[in-house]
Structures are given as structure tokens and as C-alpha cells.
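Colleague: Sharing a structure with you now.
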Amino acid sequence: MGAANRPIGVFDSGLGGLSVVKELKRVLPYENIVYFGDTGRIPYGTKSPETVIKYARQDEQFLLQFNVKLIIAACGTVSSVAAFTADELPVPFIEVVTPTARAAVKASKNGKIGVLGTNTTVNSCSYKNAILSLNKEAEVVQMACPMFVELVESGWIERDDEVTTATAKRYLKPLLLAGVDTIILGCTHFPAIKDIIADICGEGVTLINSGEQAALEAAKYLKENGLNGNGGKASYYVSDRPQSFAKTAEILLGSPIDGEVKTVSLDEVKK
Ligand code: DGL
């Protein structure tokens, strides 16, 4: 297969990375995609950096079997603590933190930027450091929102969901009190509840979707390197099949799953 028609490999700890696939399909509709969601080991965002690095390496090796031309870490947590594993790969690698921080700095008018992420992402200060490297005057308010991951994987994502709305209000309060005008959805699960978050924040706050920024970065890379493909097929691999898989996947993807879904054993991933 010519280099350009090889698939793009995308991975996440679970289904959140499908928010990146959704955007990839929008900006790169002719690319073949292989997705791996490590649903058997989710969440990554409450685990130590050492564990996330180990998992990220295994996920990357799993995707390399498919002769991918590019790997996207569609996970804020992996991007925060394991982006350096890119140096060990024979293919280019795109992570979500750098392009998302760039978009947030561009969008913010008052320099007050909120970051919502997992515990591991927030503890790493990855988004905060990336923002400050672009604007050292910026004020960054971080909030770890581990319960969002659970709510999204469980499919509690309807706009009027009372539990998710109450949880979001509590997480967002310190950011809104600080007067942020821009909020990074720094975990790829969070775009699934962006309407709930937007309703609470109101019109004065711009939400930056890390999934969208990663997809735009991938589109730019492929174009600049003459690697645009001609296919449009997707296949999906997960290391466990959660009960609410179809519903959650459809919301994150913005349409029903359009390709084969295979469950692989963790032994296969760990090889
Ligand atoms: N989707 C992932 C992220 O972007 C992580 C969720 C988790 O595994 O905790 O951080």
C-alpha cells in the first residue's frame, strides 16, 4: 500500500478519542482510520504517569501492527505525560496538548484560561505550561474532573442530565469565579458533554475542543507532507465492550459507528 493510503492510528483510554475521530472524518473524510480504545483499562487519568507511559507504549505498538502512517494520541492524559514516547516510534505522532493550548491562547481576550482535565493531566500542568510558554502573562485555572470520564463512558450525556449538570456546576464554579473567558476541554471525553458545560458557562466563555484541535493538526501535517489518503474506511478496536458502548460511541462520533468493532484481549495489547 502506498504510504499515503496507510491508515491513521488513533488511540485513547476509552471512547473519548472518538471525539477526535469525529473531527478527523470532518476535515479528512478520505482517510482510513484504525481506532483503539483501551476500555479494558480505563481510566488512565487517575493512574500514575509511569503506568500511563507503559500503557501508551503498548497502545502505540498495537496500532503499529496496522501499518499506520501517523499515530494520534487522542487522549489528554497520554499527551500530558507520555508524548515523549513519540521519539521511540517509526511514524509521526500528534498529541492534543500543544495545538489546543495554541488555540486557547488565540481565543482568549482577557488572558484568563480554564483547563478541565483528568487528575494526571492537571497534576502534570501540561496545558498550563504550554499556555504560559505562549503567553507568560496568562492566568491559568486548572480543574481535575475525573467524574466526567465516568459519566461519559456511562452514557449520562443528555443535555438535561441532572447528575452530570450538577457535577459540572461544581467543577466549573472556581473557573467562572476567576473570570475565565476561555475553557479548554482538555480530555477527549469532555466534548460529549460540551452542551452541558456551555449552558453553565454562558455565551461569554469560549470552549476549546482538544479533539478538534488534534484533528486540525493532523490535517495540516498530512497536507504539508503530501500524505493525504484516499479511502475513508474506519475500523475500531476496544479492549473491553462496555454496556453503553453503542450509545456513547454514537454521541462521541456524532453518528453511528461506521465500521467493524472488534474486542481484543489485553494480552494481545500487552504483547
Ligand atoms: N480521554 C482521556 C483524556 O483525554 C482520559 C480519560 C481517562 O482515561 O481518565 O484524558
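The values are calculated or read from the model by the stated rules, or taken from the named source; none is laboratory data. Keep in mind it's a predicted model, so treat the numbers as computed, not measured. Virtual Cβ from ideal backbone geometry, glycine too; neighbours counted across all protein chains shown. Accessible surface areas use protein heavy atoms only, side chains included; no ligands, DNA or RNA. Shrake-Rupley method; radii C 1.70, N 1.55, O 1.52, S 1.80 Å.
Colleague: Output the relative contact order of the chain, whole-number percent, from Cα pairs under 8 angstrom with separation of 6+ residues.
Modeller: Values: 574 pairs, mean separation 77.6, N = 271.
Relative CO of the chain lands at 29 percent.
Colleague: Shifting gears a bit: What is the extension gain from Arg57 to Ala86, computed as 0.36 nm multiplied by their sequence separation minus the C-alpha to C-alpha distance, in nm to one decimal?
Modeller: On the way: separation 29, 0.36 × 29 = 10.44 nm, distance 0.92 nm.
That works out to 9.5 nm of additional length.
Colleague: Can you list residues whose amide H is under 5 Å from Thr182's amide H, if they're 5+ apart or on another chain and H is modeled 1.01 Å from N?
Modeller: Gly114, Thr206
Colleague: To continue, here is another question. Alpha carbon centre of region 14-42 versus region 127-144: separation in Å?
Modeller: 27 Å
Colleague: Which residues' amide hydrogens lie under 5 Å from the amide hydrogen of Ile94, considering only partners 5 or more residues apart or on another chain, with H built in the peptide plane?
Modeller: Ile71, Ile72, Ala73
Colleague: Another question about this same structure. Calculate for the chain the 222 nm mean residue ellipticity that helices alone would give, adding -39,500 (n - 2.57) per DSSP H run of length 4 or more and normalising by residue count, nearest 500 deg cm²/dmol.
Modeller: On the way: 12 runs with 119 residues, N = 271.
One gets -13000 deg cm²/dmol as the mean residue ellipticity at 222 nm.
Colleague: Rounded to the nearest 0.05, what FRET efficiency is calculated for Arg102 and Thr263 with R0 set to 41 Å and r the Cβ-Cβ distance? Walk me through the intermediate numbers first.
Modeller: Working: r = 36 Å, r/R0 = 0.88.
After rounding to 0.05, the efficiency reads 0.70.
Colleague: Hey, another quick one. Roughly to the nearest percent, how much of the accessible area of the chain is carbon and sulfur, given a 1.4 Å probe?
Modeller: On the way: 5720 of 11550 Å².
Ligands and nucleic acids excluded, carbon and sulfur give 49 percent.
Colleague: On to the next question. At 0.36 nm per residue, minus the direct Cα-Cα distance, what do Ser244 and Asp181 gain on full extension? Give it in nm, one decimal, please. Kindly include the intermediate steps, with their values, before the conclusion.
Modeller: Values: separation 63, 0.36 × 63 = 22.68 nm, distance 3.37 nm.
This chain segment gains 19.3 nm when fully extended.
Colleague: With a Förster radius of 25 Å, plug the Cβ-Cβ distance of Ser255 and Ile200 into 1/(1 + (r/R0)^6) and report the FRET value to the nearest 0.05. Walk me through the intermediate numbers first.
Modeller: Numbers: r = 26 Å, r/R0 = 1.05.
For R0 = 25 Å, the calculated efficiency reads 0.40.
Colleague: Tell me, what ³J(HN,Hα) does each residue in region 51-64 have, in order and in whole Hz, if you take phi through Karplus 6.51 cos²θ - 1.76 cosθ + 1.60 with θ = phi - 60° and put x for Gly and Pro?
Modeller: Each residue's phi maps through the Karplus curve to give 5, 5, 5, 4, 5, 4, 4, 5, 5, 5, 5, 4, 5, 4 Hz.
Colleague: Over the alpha-carbon set of the chain, divide Rg by the Kirkwood Rh and report the Rg/Rh ratio to two decimals.
Modeller: Details: Rg = 17.3 Å, Rh = 18.3 Å.
Using only Cα positions, Rg/Rh for the chain is 0.95.
Colleague: Let me ask you something else. How high is the relative contact order of region 65-200, in percent, with contacts defined as C-alpha pairs under 8 Å that are six or more residues apart?
Modeller: Details: 210 pairs, mean separation 39.0, N = 136.
After rounding, I find 29 percent.
Colleague: May I ask you to compute the full-extension gain from Asp161 to Ser48, defined as 0.36 nm times their residue separation minus their alpha-carbon distance, rounded to one decimal in nm? Display every interim value, and only then the final one.
Modeller: On the way: separation 113, 0.36 × 113 = 40.68 nm, distance 3.08 nm.
Answer, rounded to one decimal: 37.6 nm.
Colleague: Follow-up. If you average the sequence gap of Cα pairs under 8 Å that are 6 or more apart and divide by the length of region 120-271, what percent do you get for the contact order?
Modeller: Values: 133 pairs, mean separation 30.0, N = 152.
Here the relative contact order equals 20 percent.
Colleague: How big is D for region 1-130, in µm² s⁻¹ as a whole number, if Stokes-Einstein is applied with the Kirkwood radius of its Cα pairs at 4 °C and 1.567 mPa s? Don't skip to the answer; put the middle values down first.
Modeller: On the way: Rh = 15.2 Å.
In µm²/s, the coefficient is 85.
Colleague: Going through the cross-link list Lys233/Lys270; Lys169/Lys247; Lys128/Lys271, which pairs have a Cα-Cα distance over 29 Å in this structure?
Modeller: Result: Lys128/Lys271 exceed 29 Å.
Colleague: Apply the a/c threshold of 1.5 to the C-alpha gyration tensor of region 145-252 and tell me whether it is rounded, prolate or oblate.
Modeller: Working: a/c = 2.85, a/b = 1.35, b/c = 2.11.
Since a/c reaches 1.5 but b/c is at least a/b, the shape of region 145-252 is classed as oblate.
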